[in-house]
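The next block holds one structure in the form of C-alpha cells; read it before the comments.
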Amino acid sequence: MSRVGLSPITVPQGVKVEINGTEVTVEGSKGKLSRYFHPDMRIVLQDSTLTVIRPSDNKTHRSLHGLTRSLLSNMVQGVTNGFEKVLEISGIGYRAQKTDKGLSFQIGFNRPIEFNLPSGVEAAIEGTNKIKVTGIDKEQVGEVAAKIRALRPADPYKGKGIKYAGEVLHLKPGKAGKAAQKG
C-alpha cells in the first residue's frame, strides 16, 4: 500500500487547479505548471484538497499512485514557493559570472565555459563562488544544477570544483598519505 499516495494535498489559497482528463494545470503567484498524468490514476479536487485514487492494488498502480501524488505536490509547492538549489565553487581562480544568456564559468580550463539557462530557471551569483539556481519546476531546477555541477565536479584529492552546498567530500590522502601509512 502506498503511504505517500494516500495522503491528500492541501491547495493553498490563491492557487488555481484545473483538471482536464489526464492533464492537470496548477497556477499560482510564481507561475503556471501543466503536466499529463497516467490515464489510470484519477485525480479529484474537493474543498481545496487534491487526492489521487488508484483503480487497483497491482504493483504498477501502487507505484504510479505515489509518483502521481508526489508530482502533484511538487507542482503545488512550485507555484507557491518555488524551488532552489545552491552550488559552491572552490578552487584558486575558479569563479562564475552572470551573462545576458546565462552563466560564464572559469574553472581551470583554457577558456571560460558558457552555460545557457533554459526558460523558467534563473540563477543568481553571490560573491564569485556561490550559485543559487531557482525556478518553479523541481525537475528542471535539479537538472540544471546537476548539469552545472557536471562541468567540473569536485575532485577527490584537493576538493577543487563545483559541489552542492552541504555536500560532504571525503578527500583521499594521495601518494604522500599512502607512504606515511606504510612507515
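The values are calculated or read from the model by the stated rules, or taken from the named source; none is laboratory data. None of the values given here were measured: they were computed from a predicted structure. Using ideal geometry, Cβ is built from the backbone for each residue, glycine included, and neighbour counts are taken over all protein chains shown.
Comparison of E27, E23 shows that the only residue that is without any contact (Cβ under 8 Å) to a residue 24 or more places away in the chain and not assigned by TED's automatic domain parsing to the domain that holds I148 is E23. Would you confirm, using the coordinates I've provided, whether S73 is in contact with a Ser or Thr (Cβ under 8 Å, 6 or more places away or on another chain), surrounded by 13 or more Cβ atoms within 10 Å (Cβ to Cβ) and among the small types (G, A, S)? So S73 does not fit the description; no. Within the stretch 154-175, restricting attention to residues that are over 25 Å from V133 (Cα atoms) and not in a loop (DSSP other than H, G, I, E, B), the residue that is nearest to the chain's Cα centre (by Cα) is G174.
The residues listed here are L50, L87; of these, the one that is buried (at least 16 other Cβ atoms within 10 Å of the Cβ), not small (G, A, S) and not assigned by TED's automatic domain parsing to the domain that holds I131 is L50. Going by the conditions given, is R42 in contact with a Lys or Arg (Cβ under 9 Å, 6 or more places away or on another chain) and among the basic types (K, R)? For R42, the condition - in contact with a Lys or Arg (Cβ under 9 Å, 6 or more places away or on another chain) and among the basic types (K, R) - is met. Looking at the stretch 58-80, is at least one residue more than 26 Å from I43 (Cβ to Cβ) and out of contact with any Cys (no Cβ under 8 Å at 6 or more places or on another chain)? No. Looking across the stretch 95-108, the residues that are of a type in the set (S, T, N, Q) and either part of a strand (DSSP E or B) or modelled with pLDDT of 95 or more (or both) come down to Q97, S104, Q106.
When Q140, Q106 are checked against the criterion of being under 30 Å from G174 (Cα atoms) and either assigned by TED's automatic domain parsing to the domain that holds L71 or not basic (K, R) (or both), Q106 stands alone in meeting it. In the stretch 78-116, of all residues being within 16 Å of D155 (Cβ to Cβ) and among the aliphatic types (A, V, I, L, M), the one that is farthest from the chain's Cα centre (by Cα) corresponds to I92. When I92 is tested against (1) surrounded by fewer than 17 Cβ atoms within 10 Å (Cβ to Cβ); (2) in a strand (DSSP E or B); (3) modelled with pLDDT under 95; (4) of a type in the set (A, V, I, L, M), only condition (2) is not met. The residue of the stretch 109-125 that is surrounded by the most Cβ atoms within 10 Å (Cβ to Cβ), among those that are in contact with a strand residue (DSSP E or B) (Cβ under 8 Å, 6 or more places away or on another chain) and part of a loop (DSSP other than H, G, I, E, B), is L117.
Quick one: is L64 farther than 30 Å from K158 by Cα, outside any helix (DSSP H, G or I) and in contact (Cβ under 8 Å) with a residue 24 or more places away in the chain? No, not satisfied.
Would you please name the residue that is modelled with the highest pLDDT, looking only at residues in the stretch 168-183 that are surrounded by 11 or more Cβ atoms within 10 Å (Cβ to Cβ) and not hydrophobic (A, V, I, L, M, F, W, C)? Per the stated criteria, the residue is K172.
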